[in-house]
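Quick one: this structure, given as structure tokens, is what I'll be asking you about.
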Amino acid sequence: QCRLLRRVASRTGATCRFFSDISSSGSSVHLHPHHRVHLLFGANTDVGKSVISSGLVRAAASAGCDGWQSPVNYIKPLQCGGSDESFVLLNNDQQEGRRMNDIRCQTLFSWKTPASPHLVSRWENAPVSDEEVVSKLSAVLRDIDNTENNDVDNNLETASITTIIESAGGVLSPSSSSPFNKTTTADHWGWSTQADLYAPLRIPVVFVGDGKLGGISVTLSSLEALWTRGYRIDAVVFIEGESDADNNEYDSIQFGKGNAEALREYMSMRHQIDPSKEVYDELLRDDNAIVCLPPLPLMPIPLDEWYRSNEGSFLRLHQLLDKKWIDRELAPEEEHKK
């Protein structure tokens, strides 16, 4: 992979083509091809987006390339109550004394109340428009590029930057509301869904499915919502749902693993019906693109051991995301127009 990175980084005047026309004002973000960015969406609230984000940050932070330690970035654009940024930092603190890449986390907009952004922005009288979110996120991505350019330019053969962006709630959960959003009416401030908010950025996605009983429908409908908006899904991750302690009859059923298999079957059937629709084939092409991880330990047990035991799975996922990014950068120009 480092050899591929060298080919990407050495391309004269190369800029990342995943980002264009990202705001209504017509501004654009052109990132260097060494800067890999993925956006995490979830099938719903509480499916484990922050857990997976932290695992991907851990994998990127511990995966050096020829000894070069490049920075890893975590961005939470919208935060309502609590701090996912603190969670990511807590679960990436000095992994057994190993040398780690620099981890940088930031939250762009936050509210105190743990509720939907479209409500808390009204309750706390702190509106944030879609354009503000996209513009701020774009500026942060540009700043990451500019800040690291000197180091990268001096290490063109090995450098790569990883940025993980975590959305809020589910795919169609509301974003923050604002009187400046286009959907504002006389009765209420307008808002967009998470999927519509970030769609103009065209950032490839890591999707966290629902690993519990009943999670197949919300997983499939969320993925279809992303595909219809033009998103590329590079990987789908499930966390095995906890068994019902009061119902021993179903203790042996692995709903997360079953949901992952149902997703594979669904995409295979859809691909047979319409072979021209490549979104299904892209996920079926690689066995590591759909992953089911073991259940999380019960609270308040720390996640240290869980992360250590799943280190290989996160590293393989990290390598898969790197490979897909590299393959797209090396693909013909026509590929990027899709």
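Values quoted throughout were computed directly from the atomic coordinates according to the rules given, and no laboratory measurement underlies them. These figures come from a predicted structure and were not determined experimentally. Backbone-built Cβ (ideal geometry, glycine too); neighbour counts: all protein chains shown.
Determine, for each peptide in 256-269, 71-84, 36-49, the mean count of other beta carbons within 10 angstrom over its residues, then list the peptides with the highest first.
Values: 256-269: 17.9, 71-84: 20.8, 36-49: 22.6.
Highest to lowest by the protection proxy: 36-49, 71-84, 256-269.
For R264 and I301, compute 0.36 nm times the residue count separating them, minus their Cα-Cα distance, and round to one decimal in nm. Let's see the in-between values first.
On the way: separation 37, 0.36 × 37 = 13.32 nm, distance 3.23 nm.
The span from R264 to I301 would gain 10.1 nm if fully extended.
How large is ³J(HN,Hα), in whole Hz, for each residue of region 252-264 in order, when computed from phi with the Karplus curve 6.51 cos²θ - 1.76 cosθ + 1.60 and θ = phi - 60°, using x for Gly and Pro?
7, 7, 9, 5, x, 5, x, 5, 5, 5, 4, 5, 4
Order the peptides 164-175, 213-224 from the highest to the lowest mean number of other Cβ atoms within 10 Å of their residues. Can you show the working numbers first?
Working: 164-175: 23.0, 213-224: 18.5.
The densest-packed peptide leads the list: 164-175, 213-224.
To continue, here is another question. Mind listing the phi-derived Karplus ³J(HN,Hα) values for region 125-131, rounded to whole Hz, using 6.51, -1.76 and 1.60 with θ = phi - 60°, and x for any glycine or proline?
Listing the rounded values in order: 6, 10, x, 9, 7, 4, 5 Hz.
Let me ask you something else. Which whole-Hz couplings ³J(HN,Hα) result when phi for each residue of region 291-301 is put into the Karplus expression 6.51 cos²θ - 1.76 cosθ + 1.60, θ = phi - 60°, listed in order with x for Gly and Pro?
10, 10, 9, x, x, 6, x, 5, 4, x, 5
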